[in-house]
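This report concerns only the one structure given below.
The values are calculated or read from the model by the stated rules, or taken from the named source; none is laboratory data. Just so we're clear, the structure is a prediction, and the values are computed from it rather than from any experiment. Heads up, the Cβs are rebuilt from the backbone with ideal geometry, glycines too, and the neighbour counts pull from every protein chain shown.
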């Protein structure tokens, strides 16, 4: 007979090898009437991010009307859906949209990272998602602090959110942008700039905090984005080749809806 200590150790190791899974999860066809909304809310989430329902309880992921590309973007914390390669049309731009509602077993102890891991495992299980990572170098920019230092205020809130003038959306070509931000790290700002700027951006500011700031620019009448970053935030975009991770879809299947 094995000693009790060995039995306990074996049980603990077996539990540690089990992938993190939601206690309950449902996947339904989206109605396609709106764009994708939602996200996950862990005990350490910077809650309040654009598109996440404010009433979402802790320990849940609720994502409505998302293509699989949107679900991958959220689950794997990609800079944008443009980071996904090799995916068929139904994943990237088709009419197949899904609504996920999922709950962790113990919401009071579940972190944002654990919810992301659960969401990843759900996509692998239900969509039969198979993928690999590749890294390529592309012309881009590094985000650095200007010679006179940053013009940023440490955040005073407990949420991460960006609003754009009277809208929550950004940024139509040729339209002036008035961006107000709470609780952004420089990594998050670099991701935003990758999506709306002249190319991929990596954070090399060395700033590790989270900040509140406002940023306004106008590519037609000025100031352009690069000038606005320097004048308003004390930051610069310097051209250089940057490593860009690519999430490459090998295969996936449409799930059976619950």
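Among the residues of the stretch 170-201, those identified as closer than 17 Å to residue 150 by Cβ, assigned to a strand (DSSP E or B) and touching a helix residue (DSSP H, G or I) at 6+ places or on another chain (Cβ under 9 Å) are 179, 181, 184, 201. Note on the stretch 31-47: residues that are assigned to a loop (DSSP other than H, G, I, E, B), at pLDDT 80 or above and in contact with a helix residue (DSSP H, G or I) (Cβ under 6 Å, 6 or more places away or on another chain) amount to 3.
When the stretch 70-93 is filtered for residues that are within 14 Å of the chain's Cα centre (by Cα), at pLDDT 95 or above and farther than 23 Å from residue 111 by Cα, only 84 remains.
Among the residues making up the stretch 126-159, those that are closer than 30 Å to residue 252 by Cα and either modelled with pLDDT under 95 or assigned to a helix (DSSP H, G or I) (or both) are 126, 135, 136, 137, 138.
Each row is one residue, and each column tells you yes or no for (1) assigned by TED's automatic domain parsing to the domain that holds residue 87; (2) crowded, with 18+ Cβ neighbours inside 10 Å; (3) free of Cβ contacts under 8 Å to residues at least 40 places away in the same chain.
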{"position": "117", "(1), (2), (3)": "yes, no, no"}
{"position": "120", "(1), (2), (3)": "yes, yes, no"}
{"position": "132", "(1), (2), (3)": "no, no, no"}
{"position": "153", "(1), (2), (3)": "no, no, no"}
{"position": "156", "(1), (2), (3)": "no, no, no"}
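Within the stretch 160-174, if we keep just the residues that are at pLDDT 70 or above and more than 12 Å from residue 216 (Cβ to Cβ), the residue that is surrounded by the most Cβ atoms within 10 Å (Cβ to Cβ) turns out to be 160.
For the stretch 48-57, check the following and say yes or no: at least one residue is modelled with pLDDT of 85 or more, in the same structural domain as residue 102 (by TED's automatic domain parsing) and either assigned to a strand (DSSP E or B) or surrounded by 13 or more Cβ atoms within 10 Å (Cβ to Cβ) (or both). Checking the stretch 48-57: not a single residue is modelled with pLDDT of 85 or more, in the same structural domain as residue 102 (by TED's automatic domain parsing) and either assigned to a strand (DSSP E or B) or surrounded by 13 or more Cβ atoms within 10 Å (Cβ to Cβ) (or both). The residue of the stretch 83-102 that is surrounded by the most Cβ atoms within 10 Å (Cβ to Cβ), among those that are part of a helix (DSSP H, G or I) and in contact with a helix residue (DSSP H, G or I) (Cβ under 8 Å, 6 or more places away or on another chain), is 91.
Would you mind stating whether residue 105 is farther than 16 Å from residue 247 by Cα, over 13 Å from the mean Cα position of the chain (by Cα), surrounded by 15 or more Cβ atoms within 10 Å (Cβ to Cβ) and touching a residue at least 40 places away in the same chain (Cβ under 8 Å)? So residue 105 does not fit the description; no. The residue list 237, 233, 193, 189 contains one member that is modelled with pLDDT of 95 or more, buried (at least 17 other Cβ atoms within 10 Å of the Cβ) and within 28 Å of residue 76 (Cα to Cα), which is 237. Scanning the stretch 8-22 turns up one or more residues that are at pLDDT 55 or above, surrounded by fewer than 10 Cβ atoms within 10 Å (Cβ to Cβ) and not in a loop (DSSP other than H, G, I, E, B). Within the stretch 210-258, the set of residues being out of contact with any helix residue (DSSP H, G or I) (no Cβ under 8 Å at 6 or more places or on another chain), in a strand (DSSP E or B) and under 17 Å from residue 196 (Cα atoms) comprises 238, 239, 242.
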